Every structure is written in structure tokens, then in C-alpha cells.
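Here's the structure we're looking at; comments come further down.
The values are calculated or read from the model by the stated rules, or taken from the named source; none is laboratory data. Since this is a predicted model, take the numbers as computed values, not measurements. Cβ placement follows ideal geometry from the backbone for every residue including glycine, while neighbour counts extend to all protein chains displayed.
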């Protein structure tokens, strides 16, 4: 019984230990190669509840503003960073770039654009958990024409000046470990 109690206690702690962090470059060209540019790199991500989006700001002036699918280039009053300025002489993937983290509360779609760069209408948008009905491509096209249906979810953010590596699919690692752990006590 003691072993089962320990296993259940550990199982409750594992989700936070295996939360994924999605590194998104703001002001970085998402095509292959490390180039400065407009928009977000990557421009589509699929985090789950408990994961974190780390917005890492690249050269120029950029901000991250939450919008809606219907109005990609208009803030919806949700998450919004201050304008972050990074000197143009700093390499695109330099260590220590300004980073702002956003906790993901669920898997509902969330939409963002770069307001400070003024490049939303040129496709500087980020789709978080897009669906078949509300695709990333349609959101990007909506930014071009300001036409496009969903509400975004609220989240919490914190600011720091560190960099982080992106971890993909931490939830599947958690599931496998949990099954193995529980099986070892039976």
C-alpha cells in the first residue's frame, strides 16, 4: 500500500516536470536557416494544458498581441506584451535574447500577431492549436484581408531574459512513464 501511495504522489508531480516549452522566435523568418525577418518562427504550434510558450524577441521592435480568428490584426484585450526592442546588430539566435513566457491553460485555439512590427497584414501571425475549421492558413489569409470564428482563451505570463530549448511532445513521455511506474507496483 505504501508503494502505491508513493506511485500516486509521483504521478501527480510528473505533469509539471514534463510540461513542454515551445520556443517561438518573434521577428524571425521561419523558413530554414537562421535569418532575421518578420513574424513568428514557428507560426503554428500545438501545446497542451500546462505547457508554456516562450516568446523570444529577435532584432527590431516587436510585440505579441492576442487577437481572434475573425480579426487577426486587432487585439482582443487578452495577452499583450510591451514593445520589445532588440538591437539589429545582435545575431538572430544569440543567447540571452529577451523572452516572455505564457502558460497554456487548455487546447482551445489562441491567435496572436506582431503589433509593434506592423507586419500583421503581411502574415506576421501565430496560430496556437488551430483546428480544421479555423486553420492557420485561413488565419494568415485573414490577416491579409482582415476577414475570417472563435474566441481566444486567457492565460498568464511572466517575463525573463533567458533562452530555452523547445521540447516537443512532453505529454507523451509523461504518459509512458506513468504507465510504467504504475505497472511496476502491481
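The set of residues in segment 46-73 that are touching a strand residue (DSSP E or B) at 6+ places or on another chain (Cβ under 6 Å) and surrounded by fewer than 18 Cβ atoms within 10 Å (Cβ to Cβ) contains only 61.
For the structure I just gave you, tell me whether residue 39 is within 25 Å of residue 132 (Cα to Cα), crowded, with 22+ Cβ neighbours inside 10 Å and at pLDDT below 90. Yes. Listed conditions (1) modelled with pLDDT under 50; (2) within 22 Å of residue 39 (Cβ to Cβ); (3) assigned to a loop (DSSP other than H, G, I, E, B) are all met by residue 149, apart from (2).
Can you go through 159, 164 and tell me which one is closer than 22 Å to residue 51 by Cβ, outside any loop (DSSP other than H, G, I, E, B) and either touching a strand residue (DSSP E or B) at 6+ places or on another chain (Cβ under 8 Å) or modelled with pLDDT of 50 or more (or both)? 159 is the lone residue from the list that is closer than 22 Å to residue 51 by Cβ, outside any loop (DSSP other than H, G, I, E, B) and either touching a strand residue (DSSP E or B) at 6+ places or on another chain (Cβ under 8 Å) or modelled with pLDDT of 50 or more (or both). Scanning segment 97-129 for residues that are surrounded by fewer than 22 Cβ atoms within 10 Å (Cβ to Cβ) and at pLDDT below 95 turns up 115, 116, 117, 118, 119, 121, 122, 123.
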